[in-house]
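Colleague: Before I ask anything, let me first share the structure, which is written out below as C-alpha cells.
The values are calculated or read from the model by the stated rules, or taken from the named source; none is laboratory data. Please read all numbers here as calculations on a predicted model, not as lab measurements. Quick reminder, even Gly has a Cβ in these numbers, built from the backbone with ideal geometry, and neighbours come from all protein chains shown.
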Amino acid sequence: MSGLDIGGSQLDASWFLILGGILFTLGAVGVLVRRNPLVILISIELMLNAVNLTLVTFARQLQNIEGQLFALMVMTVAAAEAVVGLAILVDIFRVRDLEDVDDLSELKG
Amino acid sequence: MTTLTSSQAISLLVLLFPAAGALLLAGRGWRLPRTFTVIVGPLAVWAAFICSVNLFLNKVNADFTYWTWIKSGAFEVPFNLLVDNLSIFMCLVITGVGGLIVTYSVGYMSHEDDPSYARFFTYMDVFIFSMLLLVLAGNFVFLIVGWAMVGLSSYLLIGFWYQRHSAVVAARKAFVMNVIGDIGMILGAFVLFVSYHATTYSGVFAGITGANGCDSSHLCVFVPANRDSSMLELAAFLLLVGAVAKSAQLPLHAWLPDAMEGPTPVSALIHAATMVTAGVYLIGRMHPIYDVAVYAHAAVAIIGAVTALFAATIAIVQTDIKRVLAYSTMSQIGYMFLAVGIGAYSAGFFHLLSHAFFKALLFMAAGNVIHSMHDEQDMRKYGGLWRQMRPTSISFLVGSLSLVGVIPFVGFFSKEQILGSAFSKPDDGLALAVWGVGFVTALVTGLYTGRMWWLAFAGTPSPQRPVEHPHEAPPVMLIPVGILAVLATVGGLIQTRALGFGPSQVSDFLASAVGKVGWEGGSSEVVVTFVTMVLAAALFLAARRMRPWSAALPWAQRLLEHKYYFDEIYAAVFVRPLDATAGLLLRDVEKPVIDGAVIETGALATAGAGGLSLTQSGYFRNYVLVFVGGALLAAAVVLVRANS
C-alpha cells in the first residue's frame with residue numbers, strides 16, 4: 001500500500017485506518033457501557049466520524065471522489081440523526097429526570 | 001337459446017310459481033302485513049294448479065330439454081322436464097289438493113304470530129316446489145334433488161313448533177330415515193348410470209329395452225356381457241330403499257306416526273296426500289326397470305301387503321286421532337305398493353288420487369276438531385261431536401266411509417280395483433297371496449275406522465272433554481274440507497272398473513305413461529269386491545260395540561300398543577349401540593387423542609413464546625450488545641472466508 005501525500009509529507013494509509021478503527025471501537029464501547037443518553041449520542045457521532053475518516057482515506061488512496069461524496073452524505077445524515085435524537089431527549093427531559101437509558105423500559109410487555 | 005314454446009314455458013311456470021312464492025315470503029313476508037302472506041302463500045300454489053290444468057287440457061306429452069346443465073366427459077345432465085301424463089296427473093294432485101290444504105292453513109294457523117305464520121307458508125311453498133320438481137324431473141339428478149328437498153321440507157314442517165322437544169325429535173327421526181332412503185336412491189341412480197351411461201330417464205329406459213348407446217363407452221365394462229338383469233335388480237332394490245323410506249313402508253316406517261307432531265295441514269299435505277306417495281310415483285315412473293327386475297318387483301308387492309296389514313292392526317289400538325290416521329296412511333300406501341308391485345300401475349295411481357282426496361279430507365276434518373278442542377288429540381276425550389260440529393262430522397264420515405271402501409265413495413272404486421286386480425291376475429300365486437293380505441287389511445280398516453268414528457263423533461260427550469261447546473271451524477277451513485268431501489263422494493265415478501263396467505278415465509289417461517292393467521277381471525271379481533265391501537262395512541258398524549282388548553287378549557293389546565316393538569328394536573339395535581360407540585370414541589379417542597393433540601400444540605406454542613420473550617429485556621444496551629455482537633460475528637465470518 002503506497003503512502004498518502006499530506007501537506008508535502010508522506011504518511012502510510014494504514015495509520016488513518018488504525019485511527020478510524022480506534023475511534024470506532026471507542027464509540028461502540030461508549031454506546032455499550034455508558035448509561036447517560038447524551039454520552040451515548042456523542043459515542044454514536046464518534047462512530048460515524050470514524051467511518052467518515054475511513055471513507056476519506058480510501059477515497060484519497062484510490063483516487064476516487066465517490067468516497068468523499070459519501071462522507072459528506074454521512075455528515076448530513078448524522079446531523080439529521082442528531083437533531084431527531086436530541087429532540088427526543090429534550091422531550092423526555094421535560095417529563096422527567098433521565099440519567100440512565102435503562103429507565104426507559106416501559107414498552108416491555 | 002332458442003325461444004320457448006308456450007308448453008315449455010308453462011311447464012317451467014308450474015315450478016316457478018311456488019318457488020317465487022317461497023322466495024317472496026322468505027325475504028319479506030314476516031315484515032309485511034299478514035294479508036301479504038295470506039295472498040301469496042296459497043296463490044303460488046293455485047297458479048301452479050292453473051298451469052297444470054293448462055298442460056292437462058293441451059294434452060302435453062313431451063320431454064322438454066331447456067339446456068345442458070352439467071357436462072363433464074360422459075356425464076351429462078340436461079335441464080329437462082318430463083311432462084307426460086303421469087307427471088301431469090301428479091302435478092294436478094299435488095297442486096289441487098295442495099292448494100286446498102294451503103288455503104285451509106290460512107285458518108288453521110291463524111293463532112300463530114306473524115313471523116311464524118309467514119314461515120309456515122314459506123315452508124309449504126318450498127314443499128310444493130320440491131314435490132313438483134320431483135315429479136317433473138326428466139333425469140335422475142333432478143329426481144334426487146327433488147327427493148331430498150321434499151325430505152328437507154318435511155323435516156322443517158314436522159319441526160315447525162321447534163319449541164317442543166318432541167317435535168324436534170320427531171323431525172330428526174323423519175330426516176334420518178329419509179336420508180337412508182336418499183342414499184339408496186342415489187346409489188340406485190349410480191348403478192343405472194354406470195350400466196346405461198345416461199342420467200335421463202329416456203336414456204336409461206332406452207338402454208333397458210335394448211337400443212342403447214352403451215357399447216361405445218368405456219363405462220360399460222361393468223355391465224355383464226350377456227346383459228342379464230342382475231344390475232337392474234340391484235338398481236331396482238336400491239331405488240326401492242328410497243321409495244320405502246319416503247313412503248313409510250316397512251322397515252323404514254317408524255318416522256311417519258311421529259311426524260304427526262307437525263301442524264295438521266302438514267300431516268294432510270305431506271304425510272297423507274303427496275310426499276309419502278312419492279314412493280309409489282317412483283316405482284310407477286321406473287316401471288320399465290321393475291318390469292324386468294322381477295324379484296325387486298315382487299318385493300314391492302310383498303312390502304306393500306305386509307305394511308298394509310301391519311299398520312292397520314296398529315291403528316286399532318291408537319288413541320291419538322292423528323296417529324290413527326297416520327297408520328291408516330301407511331296402510332293405504334301399502335295398498336298402492338301392492339298394486340304397483342303386481343303391475344297394476346294405474347290402479348295404484350287411482351288409489352293415490354283417491355287417497356289424496358279422502359285422507360286429506362280426514363286430516364283436515366280432524367284438524368277442525370283438534371282446533372276446536374284446543375289441541376287435544378285423544379279421541380277418548382271427544383265424543384258426541386256429531387251434534388255440535390255437523391259439517392265437520394259429515395265430512396269426516398264421508399272420508400271414513402271412503403277409507404273403508406263403501407260404495408259409492410271414491411275409496412271403494414280405487415281400493416276394490418287394487419284388490420280386484422290382485423285377485424284376478426292370472427297365473428300368479430304372489431298376486432293371490434297379497435290379495436289375501438289386502439282382503440284382511442280391508443276388514444281391519446273397517447274396524448279401526450269404525451272405532452275412530454264411534455269414539456270421536458258419536459255417542460255422548462266425554463266427561464274429560466276440554467271444551468264443552470266446541471265452535472265449528474271458520475269458512476276458510478270448512479270450504480276446502482267441503483270441496484274434498486264432494487270429491488271423495490263423486491270422484492270415484494271417473495273410474496268404475498271395480499264394478500266391471502263404466503268409465504276408466506284414470507287408467508286411460510295413464511296408459512301412455514305406465515301402460516294398462518294387462519288382464520281383465522271376471523264376474524267372480526265383482527262378487528269378491530262386494531263381499532269385501534259388505535264385510536268391511538259390517539265391521540265399521542260393529543266397531544261401535546268394541547271395547548279395549550285388555551281383558552280378552554292382553555298380549556295382543558300390548559303388542560299393538562307398542563307397535564310391534566319396532567321402536568324398541570331399533571333403539572336396541574341401532575340407536576343404543578351407536579350412542580355407546582360414540583360415547584366410547586368421545587372418551588377414548590376424542591378427548592385423549594384429538595383434543596390432546598390440539599391442546600398440546602397450543603401449550604407448545606405458549607411455552608416457546610415464553611422462552612423467546614426472555615430475549616426481549618426492554619433494555620436498550622442489551623439490544624445494542626446483540627447488534628454489535630452480530631456485526632462482529634459477520635465481520636469475523638467475512639475475514640475467515642477472505643483468508644481461507
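Colleague: Look at the stretch A:89-99 and say how many of its residues are within 14 Å of chain B (Cβ to nearest Cβ) and surrounded by fewer than 13 Cβ atoms within 10 Å (Cβ to Cβ).
Modeller: Keep residues of the stretch A:89-99 that are within 14 Å of chain B (Cβ to nearest Cβ), which gives A:89, A:92, A:98-99.
From what is left, the residues that are surrounded by fewer than 13 Cβ atoms within 10 Å (Cβ to Cβ) are A:99.
Count: 1.
Colleague: To continue, here is another question. Specify which of the listed residues (B:Ala268, B:Ala315) is assigned to a helix (DSSP H, G or I) and not assigned by TED's automatic domain parsing to the domain that holds B:Gly420. Let's see the steps before the verdict.
Modeller: Working: B:Ala315 fails: not assigned by TED's automatic domain parsing to the domain that holds B:Gly420.
Result of the check over B:Ala268, B:Ala315: B:Ala268.
Colleague: Tell me which residues, restricted to the stretch B:100-117, are assigned to a helix (DSSP H, G or I) and surrounded by fewer than 24 Cβ atoms within 10 Å (Cβ to Cβ).
Modeller: Here is the first cut: in the stretch B:100-117, the residues assigned to a helix (DSSP H, G or I) are B:100-108, B:114-117.
Within the stretch B:100-117, B:Thr103, B:Val106, B:Gly107, B:Asp114, B:Pro115, B:Ser116, B:Tyr117 qualify.
For every residue, the table says whether it meets (1) under 28 Å from B:Gly107 (Cβ atoms); (2) not small (Gly, Ala, Ser).
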{"position": "B:Lys322", "(1), (2)": "yes, yes"}
{"position": "B:Thr329", "(1), (2)": "yes, yes"}
{"position": "B:Met336", "(1), (2)": "no, yes"}
{"position": "B:Ala347", "(1), (2)": "no, no"}
{"position": "B:Ala360", "(1), (2)": "yes, no"}
{"position": "B:Ala365", "(1), (2)": "yes, no"}
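Colleague: Listed residues B:Leu325, B:Leu309, B:Leu362; which is of a type outside the set (Lys, Arg), within 23 Å of B:Tyr448 (Cα to Cα), buried (at least 24 other Cβ atoms within 10 Å of the Cβ) and over 17 Å from the mean Cα position of the chain (by Cα)? Talk me through it step by step, then tell me what you get.
Modeller: Working: B:Leu325 fails: over 17 Å from the mean Cα position of the chain (by Cα); B:Leu309 fails: buried (at least 24 other Cβ atoms within 10 Å of the Cβ).
Just a single option satisfies the conditions, and that option is B:Leu362.
Colleague: If you go through the stretch B:252-270 one residue at a time, do you hit one that is surrounded by 22 or more Cβ atoms within 10 Å (Cβ to Cβ) and in contact with an Asp or Glu (Cβ under 6 Å, 6 or more places away or on another chain)?
Modeller: There is no residue in the stretch B:252-270 that is surrounded by 22 or more Cβ atoms within 10 Å (Cβ to Cβ) and in contact with an Asp or Glu (Cβ under 6 Å, 6 or more places away or on another chain).
Colleague: Would you be able to tell me the number of residues in the stretch B:584-627 that are under 30 Å from A:Leu38 (Cα atoms) and either surrounded by 10 or more Cβ atoms within 10 Å (Cβ to Cβ) or touching a Lys or Arg at 6+ places or on another chain (Cβ under 6 Å) (or both)? Give the derivation first.
Modeller: Let us first name the residues in the stretch B:584-627 that are under 30 Å from A:Leu38 (Cα atoms), namely B:613-627.
Going one step further and asking which of them are either surrounded by 10 or more Cβ atoms within 10 Å (Cβ to Cβ) or touching a Lys or Arg at 6+ places or on another chain (Cβ under 6 Å) (or both), we end up with B:613, B:616-627.
The number of residues fulfilling the criteria is 13.
Colleague: Here is a follow-up. What tally of residues in the stretch A:32-45 results from selecting those that are within 14 Å of chain B (Cβ to nearest Cβ) and under 20 Å from A:Ile18 (Cα atoms)?
Modeller: Selection size over the stretch A:32-45: 2.
Colleague: Quickly run through the stretch A:16-31 and pick out the residues that are within 14 Å of chain B (Cβ to nearest Cβ) and not small (Gly, Ala, Ser).
Modeller: A:Phe24, A:Thr25, A:Leu26, A:Val29, A:Val31
Colleague: Which numbered condition in (1) within 26 Å of A:Ser105 (Cβ to Cβ); (2) within 14 Å of chain A (Cβ to nearest Cβ) is the only one that B:Ala607 fails?
Modeller: Unmet for B:Ala607, out of (1) within 26 Å of A:Ser105 (Cβ to Cβ); (2) within 14 Å of chain A (Cβ to nearest Cβ): (2).
Colleague: If I filter the stretch B:533-544 for residues that are more than 26 Å from B:Val317 (Cα to Cα) and aromatic (Phe, Trp, Tyr), do I get at least one hit?
Modeller: Residues of the stretch B:533-544 that are more than 26 Å from B:Val317 (Cα to Cα), as a first pass: none.
Scanning the stretch B:533-544 turns up no residue that is more than 26 Å from B:Val317 (Cα to Cα) and aromatic (Phe, Trp, Tyr).
Colleague: Can you tell me which residues in the stretch B:290-302 are crowded, with 23+ Cβ neighbours inside 10 Å and aliphatic (A, V, I, L, M)?
Modeller: The answer is B:Ala293, B:Ala296, B:Val300, B:Ala301.
Every residue, every condition in (1) at pLDDT below 85; (2) more than 22 Å from B:Ala543 (Cβ to Cβ), yes or no:
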{"position": "B:Thr441", "(1), (2)": "no, no"}
{"position": "B:Leu455", "(1), (2)": "yes, no"}
{"position": "B:Pro461", "(1), (2)": "yes, no"}
{"position": "B:Gln464", "(1), (2)": "yes, no"}
{"position": "B:Leu478", "(1), (2)": "no, yes"}
{"position": "B:Gly502", "(1), (2)": "yes, yes"}
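Colleague: Within the stretch A:50-109, track down each residue that is outside any helix (DSSP H, G or I) and of a type in the set (A, V, I, L, M).
Modeller: Of all residues in the stretch A:50-109, those outside any helix (DSSP H, G or I) come to A:63-65, A:96-100, A:104-109.
The answer is A:Ile65, A:Leu98, A:Leu104, A:Leu107.
Colleague: Now for a different question. Can you name the number of the only condition in (1) basic (Lys, Arg); (2) in contact with a Phe, Trp or Tyr (Cβ under 9 Å, 6 or more places away or on another chain); (3) within 14 Å of chain A (Cβ to nearest Cβ) that B:Arg621 fails?
Modeller: Failing condition for B:Arg621: (2).
Colleague: Given the conditions (1) modelled with pLDDT of 80 or more; (2) assigned by TED's automatic domain parsing to the domain that holds B:Arg323; (3) among the aromatic types (Phe, Trp, Tyr), and given that B:Tyr570 satisfies all but one, which numbered condition is not satisfied?
Modeller: Checking B:Tyr570 against (1) modelled with pLDDT of 80 or more; (2) assigned by TED's automatic domain parsing to the domain that holds B:Arg323; (3) among the aromatic types (Phe, Trp, Tyr), the one that fails is (2).
Colleague: Is at least one residue of the stretch A:68-85 surrounded by 11 or more Cβ atoms within 10 Å (Cβ to Cβ) and within 14 Å of another protein chain (Cβ to nearest Cβ)?
Modeller: yes
Colleague: Of the conditions (1) modelled with pLDDT of 85 or more; (2) within 30 Å of A:Ser105 (Cα to Cα), B:Leu614 satisfies every one except a single condition; which number is it?
Modeller: All conditions pass for B:Leu614, except number (1).
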